[in-house]
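Data first, discussion second: the structure below is written as structure tokens.
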Amino acid sequence: MTKNYEKFASVYDAIMDDSLYDQWTEFSLRHFPKGKKKLLELACGTGIQSVRFAQAGFDVTGLDLSQEMLSLAQKRAQVAGLTISFIQGDMLDLSQAGSFDLVTCYSDSICYMKDEVDVGDVFQQVYNQLNDGGVFIFDVHSTYQTDDIFPGYSYHENAEDFAMVWDSYADEAPHSVVHELTFFIQDADGRFTRYDEVHEERTYDILTYDILLEQAGFKTRKVYADFTDRDPTPTSQRWFFVAEK
């Protein structure tokens, strides 16, 4: 996966479906234990979800690999008049992040880990930073999404100052996909410059996630589907895991 998100960050918000943040917020509020406020949002990106959580009354810290995304997140929090701590870091090492009551990792960010060893390491890192009784919530693509929906998927968007082409293909590992994104972004002088991004994602079956959570020490683990409180079905596209320490 390419590490340069600078141009991607500048159009990221424009291509994201804003209603998804409402759904992530609503799901979280239903499953967070009452009275717990100290929240770490992993892979916080440009800070839209962090702002939603802060507006809902949580003491929010956002963590992301990309300093470009965090710069946008900081500006967004300032415009909203909110105090949110944003830290540049890797969810494979949360030892300096502090302790939290709640940890979230949304927008299938776990699927960017290269293999299940790294997924297990993230779960262990989260467990270590959670207070007793704390809750970890994350979502991932279902195997149906990676195996049946994404391969051959193509999405195009045209706006006045940018255009985007998004194509997805099956990758070699089981339940893995490659997203190829091409952006054409208008410069100050009116010319369009092309930028290419490659994003590799991989998911696992529900049992694998459950075992990895159990190995990390989480005592209760529940799985839901597609922003609802219903059990997954064979055609659910997004799984939500709620794990308690």
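The values are calculated or read from the model by the stated rules, or taken from the named source; none is laboratory data. Bear in mind that the values here come from a model prediction, so they are computed numbers and not experimental data. All Cβ positions, glycine included, derive from the backbone under ideal geometry; neighbour counts span all protein chains shown. SASA here: full protein model, heavy atoms, side chains in, ligands and nucleic acids out. Shrake-Rupley method; radii C 1.70, N 1.55, O 1.52, S 1.80 Å.
Side notes on the structure shown:
- Using alpha carbons only, the radius of gyration of the chain set against its Kirkwood radius gives Rg/Rh = 0.96.
- Sorting the segments 20-32, 64-76 by their residues' average number of neighbouring beta-carbon atoms within 10 angstrom, most packed first, yields 64-76, 20-32.
- Helix-only mean residue ellipticity at 222 nm for the chain, each DSSP H run of n ≥ 4 adding -39500 (n - 2.57), per residue, nearest 500: -8500 deg cm²/dmol
- 10 °C / 1.306 mPa s Stokes-Einstein diffusion coefficient of segment 145-202, Kirkwood radius on C-alpha pairs, µm²/s: 129 µm²/s
- Cut-off 20 Å (backbone N to label point 7 Å along Cα→Cβ of residue 219), residues of segment 15-38: 31-38
- Potential extension, residue 155-residue 13 segment - 0.36 nm per residue separation minus Cα distance: 49.5 nm
- The calculated FRET efficiency for the pair residue 165 and residue 67, based on their C-beta separation and a Förster distance of 35 Å, comes to about 0.85.
- Listed cross-link partners 34/75; 114/222; 36/75; 34/245 are compared with a 20 Å cut-off, the Cα-Cα value being larger for 34/75; 114/222; 36/75.
- Comparing 142, 99, 154 in a Gaussian network model of the chain (Cα springs below 10 Å), the most mobile by mean-square fluctuation is 154.
- Think of a 1.4 Å ball rolled over the protein heavy atoms: segment 63-186 then has 45 Å² of accessible area per residue.
- The share of accessible area on the chain that comes from carbon and sulfur is 47 percent, using a 1.4 angstrom probe.
- Between residue 231 and residue 82, full extension at 0.36 nm per residue minus the direct alpha carbon distance yields a gain of 50.1 nm.
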